[in-house]
Amino acid sequence: MSTNSYAGVDLALDGEGFLQDPAQWTPQIGEAIAAANGIPVLTDRHWIVLHFMRNTFLSTGDAPSIRGLGKESGVPVKELYQLFPKGPAKLAAKICGIPKPHGCI
Amino acid sequence: MPSSRRHIVILGGGTAGTIMANRLARHYAPDLEVGAIDISVVDENDRHIYQPGLLFLPFGMYDAEDVVKPRGEQLPPTVHYVQATIAHVDTDAALVVLEGGRQLTYDVLIIATGTRTAPDETEGMSGPGWQERVFDWYTLEGASGLGKAMATFNRGNLVISITDMPIKCPVAPLEFAFLADWYFQQRGVREQVTISYVTPLDAAFTKPAAAQALAHLLEEKGIQLVTEFATGSIDGAAGKLISFDEREVAFDLLAVVPVHTGATFLLKAPGLANAMGFVKTDPATLQSKHRPNIFAIGDATDVPASKAGSVAHFEAEVLEQNVIQFLAGEPLTNTFDGHANCFIETGFHKALLIDFNYETEPVTGHFPFSVGPLSLLKESRLNHLGKMAFKYVYWHALLPGYDIPGVPTHMSLAGKDL
């Protein structure tokens, strides 16, 4: 666990940089985390995914998987990889301020 | 009084469904006798497959007939076995509708329909080369076909790939890689065969401590590890795996683990199941998040535990008690901790053992088993013998729903190096 300052706010993060408390998140913090992770600008397409993911987490307590995102968010899986390179579900979760998805064991 | 008879309907006659039917039939034996309760198990076919055995088919260690028995024979005579395809569940009317129109009403529904591989979720997977050089060895047909292809494979690239998580028995693809190294050495062609392990994860396994030990074993055995590879499509004609971010891995023979989904009827059940058809389930009580009179167990749930037979076995004790409390109108007081326990076959008649739950990672140490300690996260011959003996335990103790001596439902920290 560590703390880091994004958009001028001190945030508690887990070992991999995920927000400990989703309630601390703001869109400005999301933009700052994105920039620190190689995404300088968040487009409308990014925000569709980020809002969908965050709302799903807040209403169900769990983040959707990549394939769940592809089926339900309106953004196909291939595009998810373009928007959030390498691990879209993980990176999008980090940017939208929710815990690391644990759907895969 | 037939009007007061209560119906327990179990969907799925695999590992989890069979264990539940046996446990509940024992508990409710007097009620079944007088007709106060009846229990039905629905499955679409009568082939109960010992799924851990599928791993050994491609290496000629087991035949198809070693791993299949009729489902009905694993159930007690007091339970109705209904062989039919499930069309849908009407959760408002508490009704299961079967193909052909037959309906089963329930007071308690237990969903134990497991998970299945869905090759068609990935572009090209079931296209050219399917069942020739591309095999889904999580099915009996695929594992048998792969066995034939392996027997004549003398040189080239063998690729073991996981398409996406979650999958059944997440250690099985690693075991496949370890066994392949052993198998080709036995056949004297190991130097002409490259073995690659391709995973969408950022490491060899989902749990960091185990991932490190397992990555080390892969390296020791000369198996290439390709991480963060999310398979977007397969070109069977050219022999290429292509990721969503356009990386490629070439293969001559592909042992693929396709995307997993829940049962077909759950894919069209929003509310009850998620987008992949896994039942939205309380991870502690195993009650559906959608309706209180529905429970789920085993691979069919969306709980963050391994999709493995050991998990179904541990869940069964909790679920039995909760179903009994539910039918008695009492609050549910039994909780599942995510306990999983897996042997990992590593070739050369050795195996590892891992033991973990929702909160505790697999670590080294020893497992205080009734016949002597088994080493955790470390290769040993005794672990291998445990793995091979498990087939007998499966049919004769696990499916009938007995507790396995020395293997408690809740994970114990005893012996673990924490």
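The table below lists the values:
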| read-out | value |
| --- | --- |
| Contact order normalised by residue count of region B:209-359, Cα under 8 Å, 6+ apart, percent | 12 |
| Gyration tensor (alpha-carbon) shape descriptor, region B:66-121, a/c threshold 1.5 | oblate |
| Cα convex hull of region B:340-398 - mean projected area over all directions, nm² | 4.2 |
| Residue-level accessible surface for B:HIS260, protein heavy atoms, 1.4 Å, Å² | 10 |
| Residue-wise HN-Hα coupling along region B:5-14, computed from phi with Karplus coefficients 6.51, -1.76, 1.60 (Hz; x: Gly, Pro) | 5, 10, 10, 9, 10, 10, 8, x, x, x |
| Surface share of carbon and sulfur [accessible, 1.4 angstrom probe, percent] for region B:340-398 | 63 |
| Largest-first principal axis extents of the Cα set of region B:87-202 (Å) | 62, 29, 26 |
| Exposure of A:SER59 as accessible area (Å², to 10), given a probe of 1.4 Å and all protein chains | 100 |
| Nearest-10 value in Å² for the accessible area of B:SER196, using the 1.4 Å probe | 10 |
| Fraction of the pair-distance distribution of chain B above 30 Å, Cα-Cα pairs, percent | 42 |
| J(HN,Hα) series, region B:249-261, from Karplus relation 6.51 cos²θ - 1.76 cosθ + 1.60, nearest Hz, glycine and proline x | 10, 8, 9, 9, 9, 10, 9, 9, 9, x, 3, 9, 9 |
| Shielding score for B:280-287, defined as the mean number of other chain Cβ atoms within 10 Å | 1 |
| Rel. contact order, % - alpha carbon contacts under 8 angstrom, at least six apart, chain B | 16 |
| At most 14 other Cβ within 10 Å, DSSP loop - trypsin sites (Lys or Arg not before Pro), region B:84-145 | B:ARG102 |
| Additional length obtainable on full extension of the chain from B:HIS349 to B:HIS88, 0.36 nm per residue less Cα span | 89.4 nm |
| Between region B:246-276 and region B:42-101, the Cα center-to-center distance that results, in Å | 20 |
| Amide hydrogen neighbours beyond the local backbone of B:GLY156, cut-off 5 Å, H modeled | B:VAL193, B:THR194 |
| Accessible area, probe 1.4 Å, largest first, for residues A:VAL41, B:VAL198, A:VAL77 | A:VAL41, A:VAL77, B:VAL198 |
| Formal net charge of residues neighbouring B:GLY222 (Cβ-Cβ distance under 13 Å; K, R +1; D, E -1) | -2 |
| Amide H partners (placed H, <5 Å) of B:HIS88, local residues excluded | B:VAL97 |
| Net charge of neighbours whose Cβ lies under 13 Å from the Cβ of B:ARG26, counting Lys and Arg as +1 and Asp and Glu as -1 | -4 |
| Folded to 0 to 90 degrees: helix B:381-393 orientation relative to chain B principal axis, Cα | 40 |
| Intensity falloff of the protein assembly as shown expressed as log10 I(q)/I(0), Debye formula with alpha-carbon point scatterers, at q = 0.07 Å⁻¹ | -0.40 |
| For B:GLU345, distant residues with modelled amide H under 5 Å away | B:LEU352 |
| Apportionment of accessible area to carbon and sulfur, chain A, percent (1.4 Å) | 55 |
| Cα-based helix-to-principal-axis angle, A:44-60 vs chain A, degrees rounded to 10 | 80 |
| Antiparallel %, DSSP beta bridges [both residues in chain B], to 5 | 45 |
| Most fluctuating residue given options B:PHE265, B:PHE336, B:PHE314, as computed from a GNM of chain B linking Cα atoms under 10 Å | B:PHE265 |
| Cα convex hull of region B:303-357, projected area averaged across orientations, nm² | 4.3 |
| Restricting region B:335-418 to trypsin sites (Lys or Arg not before Pro) in coil, as DSSP defines it, with at most 16 other Cβ within 10 Å | B:LYS378 |
| By accessible area with a 1.4 Å probe, ligands and nucleic acids excluded, highest first: order of B:LYS280, B:LYS148 | B:LYS148, B:LYS280 |
| Within region B:299-318, backbone nitrogen closer than 20 Å to the virtual label 7 Å beyond the Cα of A:SER59 toward Cβ | B:302-303 |
| Whole-Å semi-axes of region B:181-330's equivalent ellipsoid (Cα gyration tensor) | 39, 20, 13 |
| Taking region B:121-259 and dividing mean pair separation by its residue count, relative contact order in percent (alpha carbons under 8 Å, at least six apart) | 37 |
| Shielding by partners, peptide A:62-69 (average Cβ within 10 angstrom, other chains) | 5 |
| Per-residue HN-Hα couplings for region A:10-17 [Karplus 6.51, -1.76, 1.60; θ = phi - 60°; Hz; x = Gly/Pro] | 7, 10, 7, 10, 7, x, 9, x |
| Calculated diffusion of region B:121-259, Stokes-Einstein form, Kirkwood radius summed over Cα pairs, 20 °C and 1.002 mPa s, µm²/s | 144 |
| Share of Cα-Cα pairs in region A:1-101 lying beyond 19 Å, as whole percent | 34 |
| Surface accessible to a 1.4 Å probe, per residue, for the residues of the protein assembly as shown, Å² | 40 |
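The values are calculated or read from the model by the stated rules, or taken from the named source; none is laboratory data. These numbers come from a predicted model, not from an experiment. No Cβ is skipped: glycine too gets one built from the backbone with ideal geometry, and neighbour counts run over all protein chains shown. Ligands, DNA and RNA are stripped out before the accessible areas are found, and what is left, the full protein with its side chains, is counted by its heavy atoms. Shrake-Rupley method; radii C 1.70, N 1.55, O 1.52, S 1.80 Å.
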